[in-house]
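Reading through the structure tokens given below for one structure.
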Ligand SMILES: NC(=O)c1ccc[n+]([C@@H]2O[C@H](COP(=O)([O-])OP(=O)(O)OC[C@H]3O[C@@H](n4cnc5c(N)ncnc54)[C@H](O)[C@@H]3O)[C@@H](O)[C@H]2O)c1
Ligand SMILES: [Zn+2]
């Protein structure tokens with residue numbers, strides 16, 4: 001299939017309206033799509049050492065063809081480089097490239113690049129525009145949309161950042177073919193989460209046809225576009241996370257605890273999937289969720305090749321979850337699925353959280 005195909009998800013937020021374009025062969029169209037939406041002359045591409053050798057040339061050529069002057073940088077790949085030192089080097093490179101307030105940053109990579117390049121754009125000259133060109137499944141369905149940007153400090157992840165909505169998001173599903181299989185599957189964790197959160201039809205489709213890296217690109221693009229629309233609707237209602245945006249944390253209170261207790265050896269999406277299964281098992285046993293909900297979620301998660309449990313000792317999980325950065329004093333807001341497509345937030349005390357984590361322990365299911 002060589003023809004280019006795409007669909008557009010329009011996003012409206014209090015600070016900016018923008019389009020998310022999802023489809024095939026879009027990397028070669030980045031320049032002209034930016035030209036028709038943005039008034040800018042200079043583009044600065046931020047990528048990483050894995051993505052740049054694969055895709056930077058195509059994006060740079062497309063930008064030059066559309067009349068942009070182009071400079072770029074490729075930072076070291078991986079979460080361990082999402083730090084102040086790399087952030088500083090990006091800003092220095094932006095200044096060396098003589099970017100002005102009218103220039104635009106293009107983030108070409110996964111969530112790590114998107115978060116860092118977005119934060120650099122939010123900071124340089126007190127804020128210039130950013131275009132997100134996500135290249136992982138996670139960044140297509142989650143991090144490139146919503147406007148959160150951040151870097152890590154040695155004391156914790158995403159502790160410094162800013163809100164900056166992108167001016168345009170271009171997701172070329174062709175990029176997914178070069179991902180390491182574990183990284184592709186990791187992104188499905190957020191896809192299942194979105195289905196449970198807001199879209200039973202998407203959930204059932206995923207359960208019946210698990211996502212695969214070599215599947216039909218148009219179908220994949222369609223699923224990604226639906227995920228973007230779900231995140232768009234939640235973020236649109238609550239851009240700065242005062243209320244309903246917190247429901248996007250479904251599976252994350254326990255998932256983050258798995259991630260941290262594993263020393264970040266386990267992928268975020270794998271931990272979110274296991275965290276989602278854990279919370280719904282507990283919630284069903286406590287009588288909060290409709291009977292059968294946990295079984296359906298566990299089957300769907302397992303069908304994607306994601307874990308339904310995590311073998312980290314419960315005491316360690318409880319200790320980590322009690323230190324969640326989203327804690328409010330002595331209580332935590334936890335998102336609980338009542339049934340597929342319907343979740344509620346419950347505020348639980350730390351002893352109640354510990355009880356919930358103990359209740360949710362389970363054995364892996366087929
Ligand atoms: N801002 C938000 O709202 C938000 C939401 C969720 C996650 N995040 C952040 O996203 C980050 C995780 O993102 P991620 O999972 O995309 O990780 P990542 O950016 O580290 O990418 C994973 C790996 O895949 C490589 N890669 C990327 N695209 C590739 C491609 N097309 N082909 C081959 N290799 C490729 C990368 O170099 C990296 O080694 C975390 O830092 C997390 O905090 C942010
Ligand atoms: Zn997440």
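The values are calculated or read from the model by the stated rules, or taken from the named source; none is laboratory data. If you're wondering where the values come from, they're calculated on a predicted model, not measured in any experiment. Ideal geometry is used to build each Cβ from the backbone, glycine not excepted, and the neighbour counts take in all protein chains shown.
Taking the condition of being part of a loop (DSSP other than H, G, I, E, B) and touching a residue at least 12 places away in the same chain (Cβ under 8 Å), how many residues in region 202-221 meet it? Give the steps one after another, and end with the answer.
Step one: filter region 202-221 for residues part of a loop (DSSP other than H, G, I, E, B), giving 209-216.
The next check asks that each one be touching a residue at least 12 places away in the same chain (Cβ under 8 Å); those that pass are 210-211, 213-214.
Counting residues in region 202-221 that are part of a loop (DSSP other than H, G, I, E, B) and touching a residue at least 12 places away in the same chain (Cβ under 8 Å) gives 4.
Output yes when any residue across region 2-20 is under 20 Å from residue 112 (Cα atoms) and assigned by TED's automatic domain parsing to the domain that holds residue 86, and no when none is. Break it down into steps so the answer makes sense when it comes.
As a first pass, look at region 2-20 and keep what is under 20 Å from residue 112 (Cα atoms): 20.
Still in the list and also assigned by TED's automatic domain parsing to the domain that holds residue 86: 20.
Yes: one or more hits.
If you filter region 125-145 down to residues that are within 18 Å of residue 17 (Cβ to Cβ) and part of a strand (DSSP E or B), you find that the one that is farthest from ligand 1 (Cβ to nearest atom) is 129.
Is at least one residue of region 271-280 more than 25 Å from residue 310 (Cα to Cα), in contact with a strand residue (DSSP E or B) (Cβ under 8 Å, 6 or more places away or on another chain) and touching a residue at least 60 places away in the same chain (Cβ under 8 Å)?
Initially, region 271-280 is screened for residues more than 25 Å from residue 310 (Cα to Cα), giving none.
Within region 271-280 (the criterion being more than 25 Å from residue 310 (Cα to Cα), in contact with a strand residue (DSSP E or B) (Cβ under 8 Å, 6 or more places away or on another chain) and touching a residue at least 60 places away in the same chain (Cβ under 8 Å)), the answer is no, since none of the residues qualifies.
Quick one: is residue 123 more than 13 Å from ligand 2 (Cβ to nearest atom), surrounded by fewer than 18 Cβ atoms within 10 Å (Cβ to Cβ) and more than 22 Å from residue 10 (Cβ to Cβ)? Taking the combined requirement at face value, the residue does not satisfy it. Residues being touching a residue at least 40 places away in the same chain (Cβ under 8 Å), surrounded by fewer than 22 Cβ atoms within 10 Å (Cβ to Cβ) and in contact with a helix residue (DSSP H, G or I) (Cβ under 9 Å, 6 or more places away or on another chain) are represented in region 100-111 by at least one member.
Considering region 253-265 alone, what residues qualify as being on the phi < 0 side of the Ramachandran plot and outside any helix (DSSP H, G or I)? Write out each step before concluding.
To start, the set of residues in region 253-265 that are on the phi < 0 side of the Ramachandran plot comprises 253-262, 265.
If the condition is that a residue be on the phi < 0 side of the Ramachandran plot and outside any helix (DSSP H, G or I), then 262, 265 are the ones that fit.
In region 234-252, the residue that is nearest to residue 164 (Cα to Cα) out of those that are away from ligand 1 (no atom under 15 Å from the Cβ) and part of a helix (DSSP H, G or I) is 237.
Note on region 146-190: among residues that are within 17 Å of residue 50 (Cα to Cα) and within 6 Å of ligand 1 (Cβ to nearest atom), the one that is surrounded by the fewest Cβ atoms within 10 Å (Cβ to Cβ) is 178. Within region 266-316, the set of residues being in a helix (DSSP H, G or I), under 19 Å from residue 334 (Cβ atoms) and over 24 Å from the mean Cα position of the chain (by Cα) comprises 281, 282, 283, 284, 285, 293, 314, 315, 316.
Please determine whether any residue of region 106-115 is in a helix (DSSP H, G or I) and closer than 20 Å to residue 68 by Cβ. Give the steps one after another, and end with the answer.
From region 106-115, those in a helix (DSSP H, G or I) are 111-115; that's our starting set.
Still in the running and closer than 20 Å to residue 68 by Cβ: 113-114.
Within region 106-115 (the criterion being in a helix (DSSP H, G or I) and closer than 20 Å to residue 68 by Cβ), the answer is yes, since at least one residue qualifies.
For the structure I just gave you, tell me whether residue 24 is closer than 24 Å to residue 220 by Cα, surrounded by 18 or more Cβ atoms within 10 Å (Cβ to Cβ) and assigned by TED's automatic domain parsing to the domain that holds residue 115. Reasoning before the result, please.
Working: closer than 24 Å to residue 220 by Cα: yes; surrounded by 18 or more Cβ atoms within 10 Å (Cβ to Cβ): yes; assigned by TED's automatic domain parsing to the domain that holds residue 115: yes.
For residue 24, the condition - closer than 24 Å to residue 220 by Cα, surrounded by 18 or more Cβ atoms within 10 Å (Cβ to Cβ) and assigned by TED's automatic domain parsing to the domain that holds residue 115 - is met.
Could we say that residue 286 is in contact with a strand residue (DSSP E or B) (Cβ under 6 Å, 6 or more places away or on another chain) and away from ligand 2 (no atom under 16 Å from the Cβ) here?
It is false that residue 286 is in contact with a strand residue (DSSP E or B) (Cβ under 6 Å, 6 or more places away or on another chain) and away from ligand 2 (no atom under 16 Å from the Cβ).
Okay, residues lined up against (1) within 24 Å of residue 347 (Cα to Cα); (2) in contact with a helix residue (DSSP H, G or I) (Cβ under 9 Å, 6 or more places away or on another chain); (3) exposed (fewer than 15 other Cβ atoms within 10 Å of the Cβ); (4) assigned by TED's automatic domain parsing to the domain that holds residue 324:
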| residue | (1), (2), (3), (4) |
| --- | --- |
| 223 | no, yes, no, yes |
| 231 | yes, yes, no, yes |
| 237 | yes, yes, yes, yes |
| 255 | yes, yes, no, yes |
| 258 | yes, yes, no, yes |
| 280 | yes, yes, no, yes |
| 288 | yes, yes, no, yes |
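Every condition in (1) under 16 Å from the mean Cα position of the chain (by Cα); (2) within 22 Å of residue 257 (Cβ to Cβ) holds for residue 163 except the one numbered (2).
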